[in-house]
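Reviewing the structure listed below.
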Amino acid sequence: MSAVYLMIPAALLLAGLGVIAFIIAAKKGQFDDLDTPAFRAVFDDDDSDPSNEQDAARDRSS
Amino acid sequence: MPPANSTDQPAANQTTCNHCGLPVPPGLIDPESELQFCCNGCQTVYNILHTSGLDNYYKVRDSVNPDAEPAASTGSSYEELDDPLFQSTWVTQENESTAEVELLLEGMHCAACVWLIERLPRVADGVIEARANIRRRTVCVRYNPDHIKLSAVAQSLDKLGYAAHPARGKEARELRIREDRKFLIRVALAGALAGNIMLLAIALYGGTFSGITDAWRTTFRYYSMVLGLIVLIFPGRIFFTGAIAALRTRTAHLDIPIALALFVAGVWGTVNTIQGIGEIYFDSVAVLVFLLLVGRWIQHRQQRAASDSVELMLTLTPSSATLIDESGNTKRVPIETLEAGMSVLVNPGESFPADGVITDGTTTIDNALLTGESVPIESGPSDQALAGATNLSSPVTVRVQAVGEHTRIGKLMNLVARASEQKSPVVRAADRIAGYFVVIVITLALGTFAYWAWTTNITTGIEHATALLIVTCPCALGLATPMAMSIALGRSARSGMLIKSATVLEQLARTSSPAGKMLLDKTGTLTQGATTVIDIQGNESLLPLAAAIEQSSNHPIARAIVNAADSSLPTATNITQHTAQGITGEVNNQHLTIGSISFVTKHTGAIIPDDLQPKVVRLIDRALTPIMVHASPSNSIAIIGVGDQLRDDAQSAASDLQQRGWELSVCSGDHPRIVETIANQLNIESHEGGVTPETKAQRIAESKEHRHSTSTPVVMVGDGINDAAALASADVGIAVHGGAEASLEAADVYLVHAGLSPIVKLIDLSRSTMSTIRLCMVVSIMYNTIAATLAVTGVIDALIAAILMPISSLTVVAICTRAGKNTQTSHQPPEPR
């Protein structure tokens, strides 16, 4: 049972890390825009890279 | 090559534009090509997309929102964006080769737009990254100022169909973003701590039933105390500050019982922890703080989104004017530097930056937003031009007479500000109920404490009083109401109604008749706000010929005639314009004279045949302007009736509103006869024309005085600057699509989509939301009454209270997600009042 004496602070430490990570993310603006990223998910990534011009050209001619 | 939007097939045999999906006028159909466009703008945009390999735009658009219309480009040069003054205020220089700017875009509304805008680096060289924000309709562009000028960035966006504007008010916005983040961190911290305290509580409750050593019990209780106190001190602090503020202003705010419960539970829990006996309450406290914060955060976010988008629309007002100095050179200057006596150049399509007198050039001026007059005015040298009016046809020079606050629009805006200040704050039902609630709960708690302290001992008294405070914690009022409101606000925003304040929903929800009084503006609200051809009498085949000649004119009536003639137009020669009267020219070997009846009859000597006379009278009766077309040598005559057409859904919306118990009235600055005709068409009995903006606001005030009871709201629906004062002084001001910025600022609701049917939808949504909120309140008050009785009599202790509390919260939260749903059916059953 004495392991609990160790585990509770360890668990709280983990929770604290999670909270700190969240705070850093919030301060960096990760949660400022909660709508646009949902739309980005529907885009096909096949031509998002400008170097893929050939692929894009093939898409166009097909 | 197949058409790029092959999934978006037109209905049957109609040819639609490959870019925007609208029908292509027969004259523009190119039988040789697979691709069809309704105008040059669409073709240009299509070509840009195609040559940049961005055909996927159509695919994305069709897969997410097949109804969305792409925006049209304006072709502006945006050179004012390169001004060092603009640059220093709006552009952030990240390092030597990167600058960042936030631009507000018109016409961004769906995923396809986001997709296209974020591909900006492929269209414009030198742009490093573009990040769109759909909710606020902005794009954050990072670019290399050595490679591309800001004006070129804006031009590229414009070419894609999104007119760009610098987003003003950067500092205020950054401040708000920081505030939002702080709020979110509070919610997260409360959540994390509440979760951990719950884990400890499980151990403790488990120990209560199956046995636990005192050492473990003490350890867990001390851990709970530390975490619980953190919850109270950091995220829970806002309830204490709220309660103190409420006490100072002597109002019974919901924060008072919440703060009291938190305080008593916190202090008593600490005492019990140190003493090692009794309940510790920290689990209840932490969960309570977390749930209440979640509710508040959701509502806060939703309201901020609505006010953000309205505020950003306000930045669309022209911020610069073209100044002409003594030597005749023109220069773009900020509007604030204008003074009386200066000369400014106003190009067609621009709005006048100040009140003044035209010194050079003749043009037509659209005053519709300013005064409600539907017919544009011909103006020439020494005529007045008002700030905010739109110059329609040709460039003019204006000598400035009044600027800023001294202009007519400036005075109107002062009126708006005054009206907004005088607007009495609405006492919301939730706040009213909360007031009683606070008093009852605190009295009960004191009574419980006194009774038990008297009959047994003080400890029992505190135990029972604390149990009562926790069990009656106003979750339905504190959590369900904001949640239901914000869910409804979100639903309405998705269907194109931006609501600035949640009280609107409550005001519009009245179901018994009369539901309220609604004053409707005419020009631009009930009608399209633009001149179109409505009827043709006589020889209809003259229309395309007339259109061929009118093509060279920018006059709104001319444009209406050109738009009405949809087939390919013959070439016209020898065109002569007679200012403010008419136009002559030759087409297909015919000499045509077009203009007012008096002009044409005088000019050609032709007379209107007897069979046409009554038809002309009927046109005038319908409030249309008759335009006569005479052709010689064939001597044929046509009379074209032009006017401002009713919106398609005006008829059905008006009858729907009347059916829902609303008393309608048309109130317009336009000619009384036109107003009467429109009102008759809509079966609205009460109407008034020739009303000045000031009188409109006065009519609202009168209606508010003479209303049946305090709960019937007075609603103003309008679009123009002339409606702004009335919108601000009405209980609920609704600005319709396409309105002036001033009306947006004054209104409580802004309709994103054209037409009046959203108003009906808004009312149904309000009704459904309020009935959901009432249900939540009934459930929670019932629950609280039962639980409070049990707590007062001492039947349940704090443990059971702690279990019952979240169950009641869950129940009401589950109910309130219904808010604003089923708006189609909600208007039939009358609700008990």
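All of the numbers you see were taken from the coordinates with simple rules; none came from a lab. On a predicted model such as this, the values are computed, not experimentally measured, just so you know. In this analysis, Cβ positions are derived from the backbone assuming ideal geometry, glycine residues included, and neighbour counts consider all displayed protein chains.
Quick notes on this structure:
- Rounded to whole numbers, the Karplus 3J(HN,Hα) couplings from phi for the range B:382-398 are 6, 7, 7, 10, 9, 4, x, 6, 9, 7, 8, 10, 9, x, 9, 9, 10 Hz, using 6.51 cos²θ - 1.76 cosθ + 1.60 with θ = phi - 60°, and x at Gly and Pro.
- Order of B:Ser97, B:Ser52 - criterion: other Cβ atoms within 10 Å of each residue's Cβ, fewest first: B:Ser97, B:Ser52
- The calculated FRET efficiency for the pair B:Ser210 and A:Ala41, based on their C-beta separation and a Förster distance of 60 Å, comes to about 0.80.
- Gain on full stretching of the segment that runs from B:Glu694 to B:Ile29 - 0.36 nm per residue minus C-alpha separation: 234.4 nm
- Computed over neighbours whose Cβ is under 9 Å from that of B:Leu664, the net charge equals -1, Lys and Arg +1, Asp and Glu -1.
- Computed E for B:Val357/B:Asn563 - FRET, C-beta separation, R0 41 angstrom, nearest 0.05: 0.80
- Fewest-first sequence of B:Glu694, B:Glu550 by Cβ atoms within 10 Å of each Cβ: B:Glu694, B:Glu550
- Footprinting exposure proxy ranking of B:Trp297, B:Trp115, fewest other C-beta atoms within 10 angstrom first, gives B:Trp297, B:Trp115.
- Taking the charge dipole of the range B:531-645 about its Cα centre, with +1 at Lys and Arg Cβ atoms and -1 at Asp and Glu Cβ atoms, the residue from B:Ala560, B:Gly605, B:Ile534 reaching farthest to the positive side is B:Gly605.
- When the inverse distances between all different Cα atoms of the range B:320-406 are averaged and flipped, the Kirkwood radius reads 12.6 angstrom.
- All other residues whose Cβ lies under 10 angstrom from that of B:Trp297 are scored, Lys and Arg at +1 and Asp and Glu at -1, for a net of +2.
- Near the amide H of B:Gly720, within less than 5 Å, lie the amide hydrogens of B:Ala740, all on another chain or at least 5 residues away, with H placed in the peptide plane.
- For A:18-26, mean number of other protein chain Cβ atoms within 10 Å: 4
- ³J(HN,Hα) computed for each position of the range B:523-535 - Karplus, 6.51 cos²θ - 1.76 cosθ + 1.60, integer Hz, glycine/proline x: 4, x, 9, 7, 10, 5, x, 9, 6, 9, 7, 10, 8
- Packing-based order for B:628-634, A:6-12, using average beta carbon neighbours within 10 Å, highest first: B:628-634, A:6-12
- 3J(HN,Hα) couplings calculated from phi for the range B:600-613 with the Karplus curve 6.51 cos²θ - 1.76 cosθ + 1.60 (θ = phi - 60°) are, in sequence order, 5, 5, 5, 6, 10, x, 6, 10, 6, x, 4, 5, 7, 3 Hz; Gly and Pro show x.
- Potential lengthening of the chain between B:Thr793 and B:Glu702 amounts to 27.4 nm, from the contour at 0.36 nm per residue minus the alpha-carbon distance.
- The mean number of partner chain beta-carbon atoms within 10 angstrom of a residue's beta-carbon across peptide B:211-218 is 1.
- Size of electric dipole in the range B:320-406: Cβ of Lys, Arg +1 and of Asp, Glu -1, about Cα centre, debye, nearest 20: 180
- Among the residues of A:34-40, the average count of other protein chain beta-carbon atoms within 10 Å of the residue beta-carbon is 6.
- Sequence-distant residues sharing a close amide H with B:Gly529 (under 5 Å, placed H): B:Gly524, B:Gln645
- Separation in nanometres of the label points that stand 7 Å from Cα toward Cβ, at B:Thr455 and A:Val4: 3.7
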